[in-house]
Amino acid sequence: MVRPVRAIVIAVLVLLVAFASAWSSLALWYRLPLPEVGRHASAILFGLFGASVVVALFGRRRSRAVLAFAVAFVLVLVWWSTIEPQANGAWAPDVDRQVTGEFDGDLLTLTNVRDFEWRSSTDFTERWTTRSYDLSKLKSVDMFMSYWSGPTIAHVIMSFGFDDGRYLAWSIEVRRLSGGSFSPLADLFKNSPLIILAADERDVIGLRSNFRGEDVQIYRLRASPAAARLLLREYVSDANALAATPAFYNSLTTNCTTTIIKMMRVAGDAVPTDWRLVVNGYLPEYAYDRGALDISVPLSQLRSAAHIAARAHDDGVSPNFSQAIRVGVPSPQDAL
């Protein structure tokens, strides 16, 4: 019985050392405060060290090898714990300002609502505004899915509709430095801060549909005004907290989907764990199964009507953009 148990222990140690070695190497690769050559060399050396420990696990000096690796890994973790998100930086213009909000009863006043005028994905007029919204006039919530990398991954934007015809969109994004780019792998390793944007739909939706060429889809949610108000308050609360204490974006644990899920749960909605919350391109199917969409029509019909590209391009990002992109999109609100 000794040999099978030893084989199992060694197999588990191999997996643990391999995982810890890979994670540590990537952490050093992306975040070690050295010039690029130094970062890459350190990452490669740690990876080779991990490989040598894996080999040693099959020899007589496995205990020493495991102890040496454990010490090295703890040192990496201690260093990792000292890395804090950058509070100030030369941010890209579209993520330069964090929205904040104040409530006076049902009156919400937001500072730094983004309202850029886009002429292309790189040519724009920058405009940040202060706006007020009466939450007693809030009547709907819509979910936008912007597919930028095939059918499995999308950027999720929630938009709140008021009875005066205005829509307020919220987008949870990577706060890139000017000239920087989005990297899902790098952003697993404390690469960029998180930012919560409040924006006009002509800006944050029109940018993606009309200028970036993403497949943007809209799904009108079956949410009561009371539930919508709770969720909007959570957005404001999280935005204010983020303005006070920066946090890192993480491609798996703190992104546009996971943050929304957290808000919805705080607001009292049950959001059962599901693989589609990770592979978020399938969120419409998840929402349909949960009864959050208009289930009086087939999901295939909702999917077909959800694509806004043709309507968005025909409209040309006019002041009537929000109304134009919703033409023909089934809404469950009338049934509430």
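The values are calculated or read from the model by the stated rules, or taken from the named source; none is laboratory data. All values derive from a computational prediction rather than experimental measurement. Methodologically, a virtual Cβ is constructed for each residue, glycine included, from the backbone with ideal geometry; neighbour enumeration extends over all protein chains shown. Keep in mind that these areas ignore ligands, DNA and RNA; they rest on the heavy atoms of the full protein, side chains included. Shrake-Rupley method; radii C 1.70, N 1.55, O 1.52, S 1.80 Å.
Of the residues making up the stretch 81-97, those that are hydrophobic (A, V, I, L, M, F, W, C) and free of Cβ contacts under 8 Å to residues at least 60 places away in the same chain number 0. Checked against (1) over 20 Å from the mean Cα position of the chain (by Cα); (2) over 22 Å from ARG326 (Cα atoms), ASP187 passes all but a single condition, namely (1). Within the stretch 216-234, the residues that satisfy the criterion of being open to solvent by 20 Å² or more (accessible area, probe 1.4 Å) and either closer than 26 Å to TRP128 by Cα or assigned to a helix (DSSP H, G or I) (or both) are PRO225, ALA226, ALA227, ARG229, LEU230, ARG233, GLU234. Exactly one residue out of ASP274, ASP314 is of a type in the set (Asp, Glu) and within 24 Å of the chain's Cα centre (by Cα), and it is ASP274.
Only residues that are open to solvent by less than 20 Å² (accessible area, probe 1.4 Å) and touching a Lys or Arg at 6+ places or on another chain (Cβ under 8 Å): list them for the stretch 257-273, please. Within the stretch 257-273, VAL271 is the sole residue that qualifies. The residue of the stretch 75-110 that is least open to solvent (accessible area, probe 1.4 Å), among those that are touching an Asp or Glu at 6+ places or on another chain (Cβ under 7 Å) and not in a strand (DSSP E or B), is VAL95. All conditions but one from (1) in a loop (DSSP other than H, G, I, E, B); (2) at pLDDT below 95; (3) under 19 Å from THR100 (Cβ atoms) apply to THR259; the one that does not is (1). Within the stretch 235-256, the set of residues being open to solvent by 40 Å² or more (accessible area, probe 1.4 Å), at pLDDT 85 or above, over 21 Å from LEU135 (Cα atoms) and not hydroxyl-bearing (Ser, Thr, Tyr) comprises ALA243, ALA244, PRO246. Looking across the stretch 120-152 at every residue that is surrounded by fewer than 16 Cβ atoms within 10 Å (Cβ to Cβ) and β-branched (Val, Ile, Thr), the one that is nearest to ALA305 (Cα to Cα) is identified as THR152.
Being surrounded by 17 or more Cβ atoms within 10 Å (Cβ to Cβ), at negative phi, touching a helix residue (DSSP H, G or I) at 6+ places or on another chain (Cβ under 6 Å) and not in a helix (DSSP H, G or I) is a condition met by no residue of the stretch 294-304. Mind checking whether some residue in the stretch 305-327 is more than 30 Å from ASN210 (Cβ to Cβ), aliphatic (A, V, I, L, M), open to solvent by 50 Å² or more (accessible area, probe 1.4 Å) and assigned to a loop (DSSP other than H, G, I, E, B)? Scanning the stretch 305-327, I find no residue that is more than 30 Å from ASN210 (Cβ to Cβ), aliphatic (A, V, I, L, M), open to solvent by 50 Å² or more (accessible area, probe 1.4 Å) and assigned to a loop (DSSP other than H, G, I, E, B), so the answer is no. The residues listed here are THR130, THR100; of these, the one that is over 30 Å from ARG276 (Cβ atoms) and touching a residue at least 60 places away in the same chain (Cβ under 8 Å) is THR100.
ARG276 meets all of the listed conditions (1) without any contact (Cβ under 8 Å) to a residue 12 or more places away in the chain; (2) in a helix (DSSP H, G or I); (3) open to solvent by 40 Å² or more (accessible area, probe 1.4 Å) but one, namely (3). When you look at ALA70, is it over 16 Å from ASP238 (Cα atoms), out of contact with any strand residue (DSSP E or B) (no Cβ under 8 Å at 6 or more places or on another chain) and open to solvent by less than 50 Å² (accessible area, probe 1.4 Å), yes or no? Judged against the criteria, ALA70 is a match. Looking at this structure, is ARG208 touching a residue at least 60 places away in the same chain (Cβ under 8 Å), open to solvent by 20 Å² or more (accessible area, probe 1.4 Å) and at negative phi? So ARG208 does not fit the description; no.
When ARG3, ARG39, ARG64, ARG60 are checked against the criterion of being assigned to a loop (DSSP other than H, G, I, E, B) and either open to solvent by 50 Å² or more (accessible area, probe 1.4 Å) or of a type in the set (D, E, K, R) (or both), a single residue qualifies: ARG60. When TYR288 is tested against the conditions (1) part of a helix (DSSP H, G or I); (2) out of contact with any strand residue (DSSP E or B) (no Cβ under 9 Å at 6 or more places or on another chain); (3) not hydrophobic (A, V, I, L, M, F, W, C), the lone failure is (2).
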